Amino acid sequence: MSGVLLGSKGAARRSSGQMKKARQGFFKKYGWSYLFILPSILVFAIFTFAPAIWALLISFQHYFFRWNGQWVGFKNYVDAFTFGDGVFGRAIENTLYYTVITVTASILIALALAGLLQRCNKFWRTVFLGAYYLPAVTSAVIVAISWRWIYNGEFGLFNYLLGLVHLAPVRWLSDPNIVLNSIVLSTILTVPATGVVLFNAAMSGVPGELYEAARIDGAGGIRQWWSITLPLIKPTTLYLVVIYTIYSFQVFDKVFVMLPSGVADSAQFIVTQIYQNGFVSFYFGIASAQGFILLLMIASVAFVQFRVLRTDVEY
Amino acid sequence: MALRLSVPARKRTRKRLSVGTWIALVITAIISLWPLYWLLVSAVTPTLYTMKSTPDLWPAHFSLINFQRLLSDAKYYWNWMGNSLVVALSITLFHCIFDTLAGYTFAKKKFPGRTIIFWALIATMMVPAYVTVIPLYLISHDLHLLNTLWAIILPGMASAFGIFLMRQYIQTLPTELLDAARIDGCSEWGIFMRVVLPLCKPAIGALAIFTFVQHWNDFFWPLIAMTSTSSYTLTVGVASLQGEFTTDFGIIFAGATLAALPMIMFFFIFQRSFLEGVRMGALKG
């Protein structure tokens, strides 16, 4: 940082005494600032920046538990897709399938529920928001244990309900053709609490006069919804689409718990693959490459959000 | 839509719930809470009664036997809960200090490199934990941190999001107040301790709550860093019950229910702050 100071004009001509004084002045002026951010900077440098760069290096190394000293170029990125008969490609497909369906459903459900909540008084709104939010603060592991039980082939609730209407039981978590959809269904049936809260806040922020004016112009309820509410909550919608997409890309906990033994390729996701290759098989090179593929996917979503969000809404 | 009724403009907020709206909200609330309710019901029902073709929809055969068996058979259960508590509490404490310090500095102080350092920190929010996890594992291995709580606490001591949040909040505080303290001869540290911290209480409260929740529920990194049964955190321990007691569902349900209880109580105590935290973009779900 002192380079900034020394680089200034005339610095070279200063005597060493002046230099010392200048440096003291610098520390006196900025020392506290650097001291205050130092703990955070250290944590980030050691546990985020350094590992991120190291991970990038590992992704170009032959790294099977220990680095054998070989640089292999993009081999890990190729292997990432060919390894194990191309499971990773299947995992990406599954992750995208999971993401598209659950994000769409979450947004629509959140939109509908927030709209309905607008008509509640404050008391009931808090009660319902609490009911939607409680499972979200409970660990995904715990909720997934309950889902695994609901999906149980013999004694599960779902098969019991199917039995009531004389339908054959389904092997929710053991039939390779169904298991992915079971995971998707469990997510859809989890109320997107953040979405409801944020949509609700956004809708409350729409000025009442707009509806008033629209009503005078003869716009019906649906028309008001379509022409006023929707455009004005667009930024919230975009934000939610992005965060839900990023979360869905990283789905892991619930899959790990609901399918402890794994169901071959049919329910592999990107992160379950990273876990499998990294910490079951110890192919750190390949797992790192897969991590950066995930990072690339997340970065592109964030980039799109950034571009789209620059068009702001006006009231 | 209810709004179409010729209600006077000022009374637009008058809410009339149609039966349809009411039913939709209640049904979604039931669906939302069902997995937790079902877990609780199954935990207080002896395995004998859960493993039958017609399940009890309410605890008709109430018994605490599953909990007794859990605490006698899963002998490290209290260790797990203690570990989670220590981890989540200490991380929360570090966050409240470090994030507030950094947030204050980025909000109110000018120094060379401020903008670039700040955005470099913010950029780390985009890096998923799954990218850095392998080097993190190697570092923790070399430092002999694996299977110690430090492996989880150290990397979690500060968060870019927390810094961002505190900066946003502190930017709204009047700078004159800080200047006044400075003129009165208060040291920089004194200004932080006696002026900034007290003013930040609401924001620190929100930060503390969601940091605690996030790290209490954290799963992926503890799963990797903690390999000996006694050092598991609660989430990892509960997940491991599935492997240990494969078909003895009663113990698994009891373990999961007991693990859920602290967070549920926590939620009811701080519900208002939770929903405030969501609005600030702090919690996921």
When residues of the stretch B:80-135 are limited to those that are closer than 13 Å to residue B:159 by Cβ and among the polar types (S, T, N, Q), the one surrounded by the most Cβ atoms within 10 Å (Cβ to Cβ)
B:100
Look through the stretch B:23-43, keep the residues that are within 15 Å of residue A:113 (Cα to Cα) and more than 9 Å from chain A (Cβ to nearest Cβ), and return whichever of them is modelled with the lowest pLDDT.
B:23
Which condition breaks for residue A:191 when tested against (1) farther than 15 Å from residue B:31 by Cα; (2) assigned to a loop (DSSP other than H, G, I, E, B)?
(1)
I'd like the residue in the stretch A:211-239 that is assigned to a loop (DSSP other than H, G, I, E, B) and away from chain B (no Cβ under 12 Å) and, out of all such residues, is nearest to the chain's Cα centre (by Cα).
A:233
I'd like to know if the stretch A:119-126 contains one or more residues that are surrounded by fewer than 22 Cβ atoms within 10 Å (Cβ to Cβ), closer than 25 Å to residue B:263 by Cβ and facing chain B (nearest Cβ under 7 Å).
no
Index of the failed condition, residue A:69 passing every other in (1) more than 8 Å from every other protein chain (Cβ to nearest Cβ); (2) farther than 22 Å from residue B:141 by Cα
(2)
Tell me which residues, restricted to the stretch B:113-163, are touching a residue at least 40 places away in the same chain (Cβ under 8 Å) and part of a loop (DSSP other than H, G, I, E, B).
B:145, B:146, B:147, B:148, B:149, B:157, B:158, B:159
Of all residues in the stretch B:66-79 being in contact (Cβ under 8 Å) with a residue 24 or more places away in the chain and over 21 Å from the mean Cα position of the chain (by Cα), the one that is surrounded by the fewest Cβ atoms within 10 Å (Cβ to Cβ):
B:73
Residues in the stretch B:88-126 that are over 25 Å from residue B:198 (Cα atoms) and out of contact with any Ser or Thr (no Cβ under 6 Å at 6 or more places or on another chain): how many?
12
Look at the stretch A:264-303 and say how many of its residues are part of a helix (DSSP H, G or I), aromatic (Phe, Trp, Tyr) and within 24 Å of residue A:101 (Cβ to Cβ).
2
Unmet requirement for residue B:107, which otherwise passes all of (1) over 18 Å from the mean Cα position of the chain (by Cα); (2) within 28 Å of residue B:37 (Cβ to Cβ); (3) at pLDDT 90 or above
(2)
Can you pull out the residues in the stretch A:240-255 that are in a helix (DSSP H, G or I) and in contact (Cβ under 8 Å) with a residue 40 or more places away in the chain?
A:240, A:241, A:242, A:243, A:244, A:245, A:246, A:248, A:249, A:253, A:254, A:255
Qualifying residues in the stretch A:1-45 (those that are over 27 Å from residue B:156 (Cβ atoms) and polar (S, T, N, Q)) - the one modelled with the highest pLDDT
A:24
Does residue B:181 satisfy being in contact with a Ser or Thr (Cβ under 9 Å, 6 or more places away or on another chain) and either surrounded by 17 or more Cβ atoms within 10 Å (Cβ to Cβ) or not in a helix (DSSP H, G or I) (or both)?
no
Within the stretch B:83-103, is there a residue that is more than 8 Å from chain A (Cβ to nearest Cβ) and charged (D, E, K, R)?
no
When the stretch B:81-99 is checked residue by residue, the ones that are out of contact with any Leu (no Cβ under 7 Å at 6 or more places or on another chain) and of a type outside the set (A, V, I, L, M) are B:82, B:90, B:92, B:94, B:98
Residue under evaluation residue A:261, criteria (1) part of a helix (DSSP H, G or I); (2) more than 15 Å from the chain's Cα centre (by Cα); (3) closer than 27 Å to residue B:35 by Cα, criterion not met:
(1)
Collect the residues in the stretch A:21-45 that are small (Gly, Ala, Ser) and more than 7 Å from chain B (Cβ to nearest Cβ), keeping them in residue-number order.
A:22, A:25, A:31, A:45
Can you tell me which of A:101, A:145, A:92 is surrounded by fewer than 19 Cβ atoms within 10 Å (Cβ to Cβ) and touching a residue at least 40 places away in the same chain (Cβ under 8 Å)?
A:101
Can you tell me which residue is surrounded by the most Cβ atoms within 10 Å (Cβ to Cβ) among those in the stretch A:48-81 that are of a type in the set (Ser, Thr, Tyr) and at pLDDT 90 or above?
A:59
For the stretch B:261-285, which residues satisfy the criterion of being facing chain A (nearest Cβ under 7 Å), at pLDDT 80 or above and over 12 Å from the mean Cα position of the chain (by Cα)?
B:271
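The values are calculated or read from the model by the stated rules, or taken from the named source; none is laboratory data. Please read all numbers here as calculations on a predicted model, not as lab measurements. Note: ideal-geometry Cβ built from the backbone for every residue, glycine included; neighbour counts use all protein chains shown.
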